[in-house]
């Protein structure tokens, strides 16, 4: 064969997972990209990947020499590899060449596609040399390797222009610690209850009384987490040490506390080994009730290695940062017997009795305040503490859900969250304000009186409390919902239902009646604005009346006039309300008002039935507003009086005696007037009516005097009425 020189194309560095380092880090690196992508971490294995070629075949290569840190003059970083016997050697104090279980080097030479080299004349090949850096090295810069290759017949070739990966070194590590303070949850490390009932969250702040969760005695808690090199942690990049590590966990001694019913337990120390930086350590909890504090740390670290967790967690009170606390709680929570109460919400101003004993009125079921005491020495899961309820037809234990409830909500219970607040030692108050026990949304309807006014119907509302303590144990004595759809409520002290959470649903509302009405003015004319005043009486619970007003004229259909809203009217109290109506533009007869309850649409007042009809007259002419006929009558009377006065004055001036003028002879010379025989009779007019009215009543006997007067008020005369009737 012709003589050809060997050359090196490139030197790349890969981690143990086959991920290559980056040739350069961009100025604005994306998330997850940083100096750690060019770092060889202590204790971890890295592969030096050299791609080379020799036209005379790979067996013509005598040796490959790599200097990893040529800038370090105080340390030797040379590696020599002999392809013919696949042996790698180094005398460096910085790193070691990885070996298998038998102590043989793991360095290899392969084809470009990774296969074993069989043909000695294969010209292109890859040399892989795995190495592990030592801990605690004083390497702080960036290094660019140098290399040379030499065949059996020639001087070394340095391949100066070939690519070689720049790298750096790092060995600081600590515990990966993260937590969500807002949601009060551990992210890393974690504590996970392994036994039923399972505690969902074992978060706790060291030194605080409140535990988010606890476990029952004898439970196994899995303690899981990882250690990571500090480079990249702040960017959520976790490079874990691959060396074997040992953790020491110390459970501190605890003492008796009679008030909390805590038992004493001695200290315990355990050790656990793990690799890859990731640990999952089962912790068997003592079968005694108490709060157990654990401390943990790495021990027996490799020479030069250091765990920075202690310094990082100094002063921290968050579970998982170098220590954690787990509470053992062997007592299930109990609802304190007789502590349940329910009352009307937001009713301070209406005068109703606030306490709800054995009945739930529809007037208040949209806003009910509830409260109870729970005996629990540990903790309760607030997000799992709820008030639940459902309505049954008859006995709740039969499971017959009321059909009106089903039409609105189906057959499953409704629920609302309960707020928890600390009470005396060992007690927690669970309460909620203004709970809507019949929420009305789209397509849902409120309970009406007709829904409940059915013979033999008895609707029972059952409420109960659901919660679990920190150990996952469900509450006792707080009522219960069963799989068959039945339910039992909280038991009470008395037979009358006090302190019980089962209630008879009853319709309760305000009952408004109209006691009186008046119009101002009471005899309106065209052009007047009228004010309608209505006196309301409430025989039900305090409430606000919403009225609708309509008017009727000449037996026509009712016409909408407006709405009236009252203030709160107490039980057995009255209130006047009013509305100003539009001015009258036409004269009318037989007009009256109808008052409706705008919610129930019931008629509360009908003016026709109550004799409250009236007419609207044509406005009178003249300065004094008097009719022309009345003025004529008054003038005639004045003229007659003046005539008498003139006669009297004239007689006095002549000296005549008035008695002579009007002297009558009641004896023989008395004269009698001749009364003609009547040929036609007329009906006697009603007393105190005008001649025009008397004539009209005679001619239009099919109308009442009130109806005739209404036509006169509109400006009709007797002659016009006669002409109108003739044309009908």
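Each value in this text was obtained by applying a stated rule to the coordinates, not by laboratory testing. Everything numeric here is computed off the predicted structure, so don't read it as measured data. Positions of Cβ are backbone-derived with ideal geometry, glycine not excepted, and every protein chain shown enters the neighbour counts.
What is the diffusion coefficient of the stretch 139-272 in µm²/s, taking the Kirkwood radius over Cα pairs and the Stokes-Einstein relation at 10 °C with a viscosity of 1.306 mPa s?
Working: Rh = 20.3 Å.
Translational diffusion coefficient: 78 µm²/s.
I need to check one value: relative contact order of the chain, counting alpha carbon pairs closer than 8 Å and at least 6 residues apart, in percent. Please list the in-between numbers first.
Numbers: 1577 pairs, mean separation 57.6, N = 728.
Averaging sequence separation for qualifying contacts and normalising by length gives 8 percent for the chain.
Determine the gain in length on full extension of the stretch residue 725-residue 526; use 0.36 nm per residue of separation and subtract their C-alpha separation, reporting nm with one decimal.
Numbers: separation 199, 0.36 × 199 = 71.64 nm, distance 2.52 nm.
Contour length minus Cα-Cα distance gives 69.1 nm.
Project the alpha carbons of the stretch 686-728 onto their principal axes and report the range along each, largest first, in whole Å.
Computed over the stretch 686-728, the largest-to-smallest principal extents equal 32, 19, 15 Å.
Say R0 is 51 Å: what FRET efficiency, to the nearest 0.05, do residue 208 and residue 71 get from their beta-carbon distance? Walk me through the numbers before you get to the answer.
Numbers: r = 53 Å, r/R0 = 1.03.
According to the calculation, E is roughly 0.45.
Applying 1/(1 + (r/R0)^6) with R0 = 22 Å to the Cβ-Cβ distance of residue 434 and residue 185, what FRET efficiency is obtained, to the nearest 0.05? It would help to have the intermediate numbers written out before the result.
Working: r = 30 Å, r/R0 = 1.38.
After rounding, the FRET efficiency stands at 0.15.
What fraction of the Cα pairs in the stretch 7-170, stated in percent, has a spacing above 30 angstrom? Intermediate results must be reported in sequence, preceding the final value.
Numbers: 2048 of 13366 pairs.
The answer is 15 percent, as a whole percent.
Sort 90-96, 453-459, 436-442 by the packing proxy (mean of other Cβ within 10 Å over each peptide's residues), most packed first.
Most protected by this proxy first, the peptides run 90-96, 436-442, 453-459.
How much length is gained on full extension from residue 507 to residue 601, taking 0.36 nm per residue of separation minus their Cα-Cα distance?
32.1 nm
So what is the calculated 222 nm ellipticity per residue for the chain, using -39500 (n - 2.57) for each DSSP H run with n of 4 or more, over all residues, to the nearest 500 deg cm²/dmol?
Numbers: 8 runs with 73 residues, N = 728.
Calculated at 222 nm, the ellipticity per residue is -3000 deg cm²/dmol.
Of the DSSP beta bridges with both residues in the chain, give the percent that are antiparallel, rounding to the nearest 5. Don't skip to the end; give the middle numbers.
Values: 155 of 167 bridges.
Roughly 95 percent of the beta bridges in the chain run antiparallel, per DSSP.
Rounded to two decimal places and with Rh computed the Kirkwood way over Cα pairs, what is Rg over Rh for the chain?
Numbers: Rg = 53.4 Å, Rh = 38.0 Å.
My calculation of the ratio gives 1.40.
What ranking do 385-392, 352-359, 48-55 get when scored by the average of other Cβ atoms within 10 Å per residue, highest first? Before the final figure, lay out each step's value.
Details: 385-392: 23.0, 352-359: 14.1, 48-55: 20.6.
Ranking, from highest mean packing down: 385-392, 48-55, 352-359.
Starting from the Cα of residue 93, step 7 Å along the direction of its Cβ; do the same at residue 25; then give the gap between the two resulting points in nm.
According to this spin-label approximation, the distance is 2.8 nm.
What nm distance separates the two modelled labels at residue 236 and residue 488, each placed 7 Å from Cα along Cα→Cβ?
Simple spin-label model gives 4.9 nm for this pair.
Taking the Cα-to-Cβ direction at residue 336 and at residue 353 and moving 7 Å from each Cα, how far apart do the two end points lie in nm?
Label-label distance for residue 336 and residue 353, simple model: 2.5 nm.
Report the gain in length on full extension from residue 194 to residue 308: 0.36 nm times residue separation, minus Cα-Cα distance, nm rounded to one decimal.
Numbers: separation 114, 0.36 × 114 = 41.04 nm, distance 3.01 nm.
Taking 0.36 nm per residue and subtracting the Cα distance, the gain is 38.0 nm.
Calculate log10 I(q)/I(0) of the stretch 276-433 for q = 0.11, 0.17 Å⁻¹, where I(q) comes from the Debye formula with a single equal point scatterer on each Cα and nothing for solvent.
Values returned for q = 0.11, 0.17 Å⁻¹ are -0.71, -1.15.
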